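Quick notes on the structure that follows.
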Amino acid sequence: MRFLLRFASFLALVAAVLVASVDAIQSVSASQPVLTPLSTALAAGGSSTQSLVEALERPHAGGALWGAFWDPVIRWTLQQPAFAFFLLIALVLWMMGYKRPPVAGRFSA
């Protein structure tokens with residue numbers, strides 16, 4: 001399980017670096033900061049991810065808790081820079097897969 005979490009963290013880190021590289025290139029060519037929102041980065045993945053983004057952006061008529069709390073949180077998350085989101089996901093996955101060193105030390109009996 002720890003290996004899978006570390007591998008997923010690595011993939012999220014690679015995605016963050018790729019998106020940040022594209023943003024840096026676009027920023028240099030535009031002579032102003034350009035940050036790709038998460039919704040745009042996810043929609044570029046294909047038709048299935050584009051339909052997922054569109055479904056997440058639509059208001060849900062589910063329970064009162066879903067509409068009142070989760071819809072604004074999801075919309076706010078989709079507006080954030082994609083590289084920052086992927087970096088945060090990579091950090092969380094790495095922390096979940098982190099193995100603490102033994103307290104007694106390396107050569108304890």
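Picking from A61, A104, A68, which residue would you name as being over 24 Å from L11 (Cβ atoms), among the small types (G, A, S), at pLDDT below 90 and in a helix (DSSP H, G or I)? Explain how you work it out, then say what you get.
On the way: A61 fails: in a helix (DSSP H, G or I); A104 fails: in a helix (DSSP H, G or I).
Result of the check over A61, A104, A68: A68.
Restricting the stretch 75-93 to residues that are crowded, with 17+ Cβ neighbours inside 10 Å and of a type in the set (A, V, I, L, M), which is farthest from E54 (Cα to Cα)?
Of the stretch 75-93, the ones crowded, with 17+ Cβ neighbours inside 10 Å are 78, 81-83, 85-87, 89-90, 93.
Narrowing further to those that are of a type in the set (A, V, I, L, M): 78, 82, 87, 89-90, 93.
On the way: L78: 11, A82: 17, L87: 23, I89: 21, A90: 24, L93: 26 Å.
Out of the qualifying residues, it is L93.
Please verify whether P33 is surrounded by fewer than 11 Cβ atoms within 10 Å (Cβ to Cβ) and closer than 23 Å to W76 by Cβ, treating the condition exactly as stated. Break it down into steps so the answer makes sense when it comes.
Details: surrounded by fewer than 11 Cβ atoms within 10 Å (Cβ to Cβ): yes; closer than 23 Å to W76 by Cβ: yes.
The answer is yes for P33.
Give the residues of the stretch 21-40 that are of a type outside the set (D, E) and in contact with a strand residue (DSSP E or B) (Cβ under 9 Å, 6 or more places away or on another chain), sorted by residue number. Show your work before the answer.
If we filter the stretch 21-40 for residues that are of a type outside the set (D, E), which is where we start, we get 21-22, 24-40.
Matches in the stretch 21-40: L35, T36, P37, L38.
Any idea which residue in the stretch 1-41 is modelled with the lowest pLDDT, counting only those that are outside any helix (DSSP H, G or I), of a type outside the set (V, I, T) and closer than 28 Å to A55 by Cα?
As a first pass, look at the stretch 1-41 and keep what is outside any helix (DSSP H, G or I): 1, 31-37.
Filter once more, keeping what is of a type outside the set (V, I, T): 1, 31-33, 35, 37.
From what is left, the residues that are closer than 28 Å to A55 by Cα are 35, 37.
Working: L35: 94, P37: 91.
Top of the filtered list is P37.
The values are calculated or read from the model by the stated rules, or taken from the named source; none is laboratory data. Everything quoted here is computed from the prediction, not taken from an experiment. FYI the Cβ positions are ideal-geometry reconstructions off the backbone, even for glycines, and counts take in every protein chain you see.
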